[in-house]
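First up is the structure itself, then whatever we jot down about it.
The values are calculated or read from the model by the stated rules, or taken from the named source; none is laboratory data. All values reported here derive from a predicted model rather than from experimental measurement. No Cβ is skipped: glycine too gets one built from the backbone with ideal geometry, and neighbour counts run over all protein chains shown.
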C-alpha cells in the first residue's frame, strides 16, 4: 500500500475550506495518512504554494513526527504538551501554520501538502530552522512521498 495523505477539509484537487485560510480561522486542516512504509523512523509535512507571485511560498513545515502517528488534528500546534513534533519557520517568518492567503484577484493558487516518510527519527534542526531547511535535510532520507493538492482563490 503506498503512502497516502487525505483531509476532509481538502477534497483532492478541490478548494480548501475557508476556515483553514487567512479569510477564516487560519488554523491547520485535519490531516490523516496511511501506508507508512517499513523502515520509516519519522515523517515530515510541508505545505507549499508554487503559484505565489515571488515563487514557491512555504506555509508550514512539521517534522520529527513519530512513524506511528497517523494524522494531525485541525488547529495542530507543536506547542501542545507531549507532542514531540517540531515546526519550522514558514515564509511569513513565523513558526507554525499560516494558511492560504493569495493576493486578491483572478487566479487560483494550488497548495501542495507534501508528506515524506524518512529513515531518520529526528532531523536534529535548530529552533530557527526554516521550511526550506526541513526539506533540504529530509530529502536524502526520504523512503516515500505523497501529496494532497488543494486550491484557493480570493
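Details
Each row is one residue, and each column tells you yes or no for (1) at pLDDT 95 or above; (2) loosely packed, with under 14 Cβ neighbours inside 10 Å; (3) within 25 Å of residue 17 (Cα to Cα).
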site: 39; (1), (2), (3): yes, yes, no
site: 48; (1), (2), (3): yes, no, yes
site: 59; (1), (2), (3): yes, no, yes
site: 74; (1), (2), (3): no, no, yes
site: 83; (1), (2), (3): no, no, no
site: 112; (1), (2), (3): yes, no, yes
site: 139; (1), (2), (3): yes, yes, no
site: 153; (1), (2), (3): no, no, yes
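- Residue match in region 123-130 (condition: assigned to a strand (DSSP E or B), under 22 Å from residue 36 (Cα atoms) and in contact with a helix residue (DSSP H, G or I) (Cβ under 9 Å, 6 or more places away or on another chain)): no
- Taking the criterion of being modelled with pLDDT of 95 or more, within 17 Å of residue 136 (Cβ to Cβ) and outside any loop (DSSP other than H, G, I, E, B), the only residue of region 85-110 that qualifies is 89.
- Residues in region 1-37 that are loosely packed, with under 13 Cβ neighbours inside 10 Å and over 23 Å from residue 65 (Cβ atoms): 13, 14.
- Residue that is loosely packed, with under 13 Cβ neighbours inside 10 Å, over 11 Å from the mean Cα position of the chain (by Cα) and touching a residue at least 40 places away in the same chain (Cβ under 8 Å), where the choices are 55, 107, 93: 107
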